[in-house]
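Here's the structure we're looking at; comments come further down.
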Amino acid sequence: MNPAKMKPSVAVVGAGPSGLVACKALAAHGVPYTAYEAGDRVGGQWVLGNSSGTSVAYRSLVVNTHKQICRYSDFPLPETYPGFPSHEQMAEYFDGYARHFDLYPRIRFASRVQAARPRESGGYTLELAGGERVEHSALVVASGNLWDPQWPDLPGEFAGSVIHSREYMDPGDPVDCRGKRVLVMGLGNTACELAVELSGPGAASKVLLSARSGQNFVPKIEAPVPHPSEPLAGPLAWMPRSLRDAAFKVLFPRVARRMLSAFPSPESLGLPPPPGNPFEKRFVMNNHLFDRLAAGQIIARPGVRSLVGDRVEFEDGRREDVDVIIAATGYRFTLPFLTDEFLGCAPPDLDLYRGVMHPRHHDLFVIGVMKAICSIWPRSEQQMAFVAPLLAGEYALPSQAAIDRASYKILGVPFGNCQFYTADLQQELKRGRRRVARLVGRR
């Protein structure tokens, strides 16, 4: 982005947790923008029954990271909230954030972006639901990657009901699971939370939990954990990046092993063995799953081989009578308003400069899509602290070769430390501001 040019008009796609920080950061740097939200409220997936159709909230949903690390850096969660707030409280929090920073005037609701077509002169023509077209010189995508259901392969035919976890509201909605035999497929946070809820009083008569691969399980962490916005302290603050990252790769597994020791081994309760590499998958945080497994209230099963009428055959050959299948098998990262041809690949394979900017289209940014050991939106906040100065002309990009070297697959790298990521963005921001100063000095 040429710092000598006029500040661009930016389109922000989405007004969920990441879209809100995009709006605030752009406003703080004087960059004109309009946010386009498909639903009728801010908060995205945390709004139960959001009219956008992309909410993944269910009635018992609470955050699985402590409120001290799932907050914005300059807007604390209310002291009256519990350590792990509910979806209603988080939706209220996001609404309060938008009001406090006066973000509502620049958010257009019921404005789904159907297509974003690049213009020959740069920028994009956005086509909204209803046919309206609007022009913008840059695009910040904040629509997330946790809304488009990933369905498992289910060979055969099933006589019962099958839903994805995105549709689930409670044991009676949208399918009545009460008194029924329910199979939950998956072993992520959502799968485990639904299995625990369905195994409770007045819910399913039998709960099966099917998983092809294992997970690392830890209890919900009550102890203070550094927020992504906090600067590095001690030796980590002055270590060269390569040495710091190497030390983290050695030390984190040791810390992880101590955390994992709070639970018995998953194999002892019939679950698949956990991955040997703690960076491979995000940890599952659940304080009740192992007790329910030990008590027989949840029964572990391997992956599903086939469906036969009202029976499910598992990979070990066992068959179980099942009334309802809930596929808690995650989500696909899709960008339906941008073509794979323009992106250069399918969205899950995207390489982005510093995890945020397309390396060939320097007016396209994606925030809030990552693999990280922290909550998403505090890290999105740090991403926008980098993107907004670039769009405001306060930061100058390095050479294309340097951009290519610092680009990586946002969903292909191992989980990383959020404070490290923030520190690296801040260092590059300083270098980019020095490049701007040199450019200005030559004029």
**OP:** Provide a single number: the residues in segment 382-415 that are over 18 Å from VAL366 (Cα atoms) and small (Gly, Ala, Ser).
**Re:** 5
Subject >> All positions within segment 228-248 that are under 21 Å from PHE279 (Cβ atoms) and within 27 Å of the chain's Cα centre (by Cα) >> reply: PRO228, LEU232, LEU236, ARG241, SER242, ARG244, ASP245, ALA246, ALA247, PHE248
Original post:
Tally time: how many residues in segment 232-290 are among the polar types (S, T, N, Q) and touching a helix residue (DSSP H, G or I) at 6+ places or on another chain (Cβ under 6 Å)?
Top reply: 1
**OP:** Would you check which residues across segment 117-135 are at positive phi and at pLDDT 95 or above and list them?
**Re:** GLY123, GLY131
**OP:** Check segment 280-297 and report whether any residue there is of a type in the set (Phe, Trp, Tyr) and part of a loop (DSSP other than H, G, I, E, B).
**Re:** yes
Original post:
Restricting segment 312-330 to residues that are in contact with a Pro (Cβ under 6 Å, 6 or more places away or on another chain) and surrounded by 14 or more Cβ atoms within 10 Å (Cβ to Cβ), which is nearest to PRO272 (Cα to Cα)?
Top reply: PHE314
Original post:
Inside segment 145-172, can you point out the residues that are surrounded by 19 or more Cβ atoms within 10 Å (Cβ to Cβ), in a strand (DSSP E or B) and among the polar types (S, T, N, Q)?
Top reply: none
Original post:
What do you reckon, is GLU381 of a type in the set (Asp, Glu) and crowded, with 22+ Cβ neighbours inside 10 Å?
Top reply: yes
Subject >> Selection within segment 114-144 - closer than 16 Å to LEU391 by Cα, buried (at least 18 other Cβ atoms within 10 Å of the Cβ) and out of contact with any Ser or Thr (no Cβ under 6 Å at 6 or more places or on another chain) >> reply: TYR124, ALA138, LEU139, VAL140, VAL141
**OP:** Hey, could you check segment 249-279 for residues that are outside any helix (DSSP H, G or I), of a type outside the set (S, T, N, Q) and more than 30 Å from GLY202 (Cα to Cα) and say which is nearest to the chain's Cα centre (by Cα)?
**Re:** PHE279
**OP:** Kindly indicate whether ARG301 is touching a Phe, Trp or Tyr at 6+ places or on another chain (Cβ under 7 Å) and closer than 16 Å to LEU208 by Cβ.
**Re:** yes
**OP:** Counting only residues that are touching a residue at least 24 places away in the same chain (Cβ under 8 Å) and either touching a Gly at 6+ places or on another chain (Cβ under 6 Å) or under 16 Å from LEU26 (Cβ atoms) (or both), give me the helices (runs of 4 or more DSSP H) lying completely in segment 364-443 with at least 2 of them.
**Re:** 376-391
Original post:
So PHE420 clears everything in (1) modelled with pLDDT under 95; (2) surrounded by 15 or more Cβ atoms within 10 Å (Cβ to Cβ); (3) of a type outside the set (Asp, Glu); (4) touching a Pro at 6+ places or on another chain (Cβ under 8 Å) except one condition, right? Which one?
Top reply: (4)
Subject >> Exclusive hit being in contact with a Gly (Cβ under 7 Å, 6 or more places away or on another chain), crowded, with 16+ Cβ neighbours inside 10 Å, of a type in the set (Ser, Thr, Tyr) and not in a helix (DSSP H, G or I), set SER18, SER52, SER111 >> reply: SER52
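The values are calculated or read from the model by the stated rules, or taken from the named source; none is laboratory data. The shown structure was predicted, so the numbers you read here are calculated from the model rather than taken from an experiment. All Cβ positions, glycine included, derive from the backbone under ideal geometry; neighbour counts span all protein chains shown.
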